[in-house]
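The values are calculated or read from the model by the stated rules, or taken from the named source; none is laboratory data. Because the structure is a prediction, the values reported are computed rather than measured. Every residue, glycine among them, receives a Cβ derived from its backbone with ideal geometry; neighbour counts consider all protein chains shown. We work out accessible area using only protein heavy atoms, side chains counted, and drop any ligands, DNA or RNA first. Shrake-Rupley method; radii C 1.70, N 1.55, O 1.52, S 1.80 Å.
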Amino acid sequence: MKLASLKYGRDGELIVVTRDCSRAVKVPEVAPTLQAALDDWARVEPQLQEVSRRLHAGALPDAIELDAGALASPLPRAYQWADGSAYVNHVELVRKARGAAMPENFWTEPLMYQGGSDGFSGPRDDILAASEEWGIDFEAEVALITDDVPMGIAPEAAGWHIRLLLLVNDVSLRNLIPGELAKGFGFFQSKPASAFSPVAVTPDELGEAWDGAKVHLPLTVYLNGEPFGHPNAGVDMTFNFPQLIAHAARTRFLCAGTIIGSGTVSNTDRSRGACCLAERRMLEILAHGAAQTPYLRFGDRVRIEMLDEAGRSVFGAIDQQVREYRAR
């Protein structure tokens, strides 16, 4: 089943979407928003599955053509957005380029930060920044949405709380990060609004590509229409999704609608490219002594998508252009 949210108010309007992301139907009689559905998932999910079945059978004459530009993030805002860094290869590479040793516990305990969740960008919304000097970068990731998760849950049980999967562009302002981290209090200004894929999908939509813990498909990134990277999300993922959930829930309960990101997808096979500019720049520094690839400039366009083995888009595409923001 594929779900999305039309832009409407602050929390969107829930719709059920066809597998090819071409048509959809509103479901106000089931749940007005995706958050409302997640709050009552045990009761609502079978009803949404029935709507999906009838939609694919052509039994819903009120179905609409799907316009990705009319979509918000599946959750336009969320109670919690926690982003991990499950691909330790990526972390090691970034630290190596600046001559920093990596602590051993990075291989045994996930990194995670709590990002801003009061407003996400839609899959076709612009990336807004006031200055190119901020070092604008994309980060292509896979993410999950949970139902209510008890505190202290074990990784072996955490996977049962994964309700939906989706993609995310976790935008980073690289040149603002060092100054923020030097203060010892983490990210804030360096992490503007993230953008999520047009649809969120139930794990069964992935078929054999989902093993209950990882998504075994390439995540493709295009920059200005040119291929940039296609690393496989199921390869070199040091911490799987149930482990990330358990880490987040170690000392707190997670409410329904919590989003947890994988961090930038990264493979040790460099021929598969990268999912962010920083990683390519780090490889250039290691190889040539200096970065050659610039960060994003106004007018640049980023496209992030995941195709199944038949070449069909699983989540639809995040397709964003960088625009200059001028405060009024």
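Sparse packing (at most 10 other Cβ atoms within 10 Å of the Cβ) combined with a DSSP loop state is found for the following GluC sites (Glu not before Pro) in segment 1-108: E29.
If only the Cβ of Lys and Arg carry +1 and only the Cβ of Asp and Glu carry -1, the dipole of segment 98-232 around its Cα centre is close to 300 debye.
Per residue, the average separation of C-alpha pairs within less than 8 Å and at least 6 apart gives the chain a relative contact order of 23 percent. The amide H of G135, built 1.01 Å from its N in the peptide plane, has N175 as neighbours under 5 Å, considering only residues 5 or more places off or on other chains.
Note on T251: accessible area approximately 110 square angstrom, rounded to 10, probe 1.4 Å, nucleic acids and ligands left out.
Largest accessible area first, the residues I260, I177 order themselves as I177, I260 under a 1.4 Å probe with ligands, DNA and RNA left out. Converting phi to 3J(HN,Hα) with the Karplus coefficients 6.51, -1.76 and 1.60 and the offset θ = phi - 60°, segment 112-118 yields 7, 10, 9, x, x, 10, 7 Hz in sequence order, with x at every glycine or proline. Using only side-chain charges placed at the Cβ, +1 for Lys and Arg and -1 for Asp and Glu, the dipole size of the chain relative to its Cα centre rounds to 640 debye. Checking the cross-link pairs K7/K214; K26/K191; K96/K191 against a 27 Å limit on the alpha carbon distance flags K7/K214; K26/K191 as lying beyond it.
Going by accessible area, probe 1.4 Å, with all protein chains left in place, what is the ranking of D211, D236, largest first?
Heavy-atom accessible area, descending, gives D211, D236.
What value, in deg cm²/dmol to 500, does the helix sum -39500 (n - 2.57) over DSSP H runs of n ≥ 4 give at 222 nm once divided by the residues of the chain?
Calculated mean residue ellipticity at 222 nm is -5500 deg cm²/dmol.
Between Y325 and A101, the simple label model (points 7 Å from Cα in the Cβ direction) yields a spacing of 3.9 nm. For the chain, give the share of DSSP beta bridges that are antiparallel, in percent and rounded to the nearest 5; count only bridges with both residues there. Given both bridge residues lie in the chain, the antiparallel proportion sits at roughly 90 percent. 3J(HN,Hα) along segment 131-139: 8, 5, 5, 6, x, 6, 9, 9, 9 Hz, from the Karplus curve 6.51 cos²θ - 1.76 cosθ + 1.60 with θ = phi - 60°, whole Hz, x for Gly and Pro.
Couplings 3J(HN,Hα) of segment 262-275, computed from phi: 7, x, 4, 5, 8, 10, 6, 6, 5, 5, 8, x, 9, 10 Hz, in residue order, whole Hz [Karplus 6.51 cos²θ - 1.76 cosθ + 1.60, θ = phi - 60°; x for Gly and Pro].
Got a sec? What order do Y87, Y113 fall in by accessible area at 1.4 Å, biggest, i.e. largest, first? Could the numbers behind the result be given before it?
Working: Y87 5, Y113 40 Å².
Descending order: Y113, Y87.
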